[in-house]
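Student: For reference, the structure I am asking about is given below.
The values are calculated or read from the model by the stated rules, or taken from the named source; none is laboratory data. This is a predicted model, so every value here is computed, not measured. With ideal geometry, Cβ positions are generated from the backbone for all residues, glycine too; neighbour counts draw on all protein chains shown. What goes into the accessible areas is simple: the full protein's heavy atoms, side chains included, and nothing from ligands, DNA or RNA. Shrake-Rupley method; radii C 1.70, N 1.55, O 1.52, S 1.80 Å.
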Amino acid sequence: EDYLVQLLQKKHFKTLTQGSYLFRRGESSADIYIILEGQLAVYIDEAAESKKIALLHPGSFLGEISFLTGKPR
């Protein structure tokens with residue numbers, strides 16, 4: 001419970017505009033993201049094209065693997 005309280009005290013809000021990105025594969029980060037408003041599309045680059053693989057809604061989260069392991073995205 002103490003760890004969760006510490007985590008919540010370190011929150012930062014980030015607003016994205018259409019066409020911008022939150023992070024890219026291979027980047028280093030220890031952040032986890034929770035969608036509060038709107039939608040976030042997740043794309044993966046394959047053979048010189050981007051393919052949409054998910055559409056996240058409020059309450060969805062991402063970045064948890066890097067957050068927990070410290071490994072690149």
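Student: Whole-Hz Karplus ³J(HN,Hα) for the range 18-29, in order, using 6.51 cos²θ - 1.76 cosθ + 1.60 and θ = phi - 60°, x for Gly and Pro?
Tutor: 3J(HN,Hα) across the range 18-29, in whole Hz: 4, x, 8, 10, 8, 7, 10, 4, x, 6, 8, 5.
Student: Which of S60, S28, S50 moves most in a GNM of the chain, Cα contacts under 10 Å?
Tutor: Judging by the Gaussian network model, the answer is S50.
Student: Within the range 1-52, list the GluC sites (Glu not before Pro) lying in a DSSP loop whose Cβ has at most 15 other Cβ atoms in a 10 Å radius.
Tutor: On the way: sites: E1, E27, E37, E46, E49; in loops: E1, E27, E37.
Passing both the DSSP loop test and the Cβ count: E1, E27, E37.
Student: What is the set of long-range amide H partners of L56 at a cut-off below 5 Å, with H atoms built 1.01 Å from backbone N?
Tutor: Hits under the 5 Å cutoff: L40, A41, V42.
Student: Another question about this same structure. If you put +1 on each Lys and Arg Cβ and -1 on each Asp and Glu Cβ, how big is the dipole of the chain around its Cα centre, in Debye rounded to 20?
Tutor: On the way: 9 positive and 9 negative charges, 30 e Å.
Value, rounded to 20: 140 debye.
Student: GNM on the chain, C-alpha springs below 10 Å: top fluctuator among G19, G38, G59?
Tutor: G19
Student: So, for the chain, what is the accessible surface per residue at a probe of 1.4 Å, expressed in square angstrom?
Tutor: Working: 6440 Å² over 73 residues.
Value returned for the chain: 88 Å² of accessible area per residue.
Student: Let me have the 222 nm mean residue ellipticity of the chain computed from DSSP H runs of 4+ only, each contributing -39500 (n - 2.57), with the sum over all residues rounded to the nearest 500. Before the final figure, lay out each step's value.
Tutor: On the way: 2 runs with 14 residues, N = 73.
Counting only the DSSP helices, I get -5000 deg cm²/dmol.
Student: Now a separate question. For R25 and K51, compute 0.36 nm times the residue count separating them, minus their Cα-Cα distance, and round to one decimal in nm. Show your work: numbers first, answer last.
Tutor: On the way: separation 26, 0.36 × 26 = 9.36 nm, distance 1.35 nm.
Length gained, R25 through K51: 8.0 nm.
Student: On the protein heavy atoms, probe 1.4 angstrom, tell me the percent of accessible surface of the chain carried by carbon and sulfur.
Tutor: Details: 3500 of 6440 Å².
Here carbon and sulfur together make up 54 percent of the probe-accessible area.
Student: Compute the orientation-averaged projected area for the chain from the convex hull of its Cα atoms and round it to one decimal in nm². List each step's numbers first, then the result.
Tutor: On the way: hull surface 22.8 nm².
Here the figure is 5.7 nm², rounded to one decimal.
Student: Follow-up question, since we're still on this one. Return the long-range amide H neighbours of S29 (sequence gap of 5 or more, or a different chain), with a cut-off of under 5 Å between placed amide H atoms.
Tutor: For S29, whose amide H was placed from the backbone, the distant partners under 5 Å are R73.
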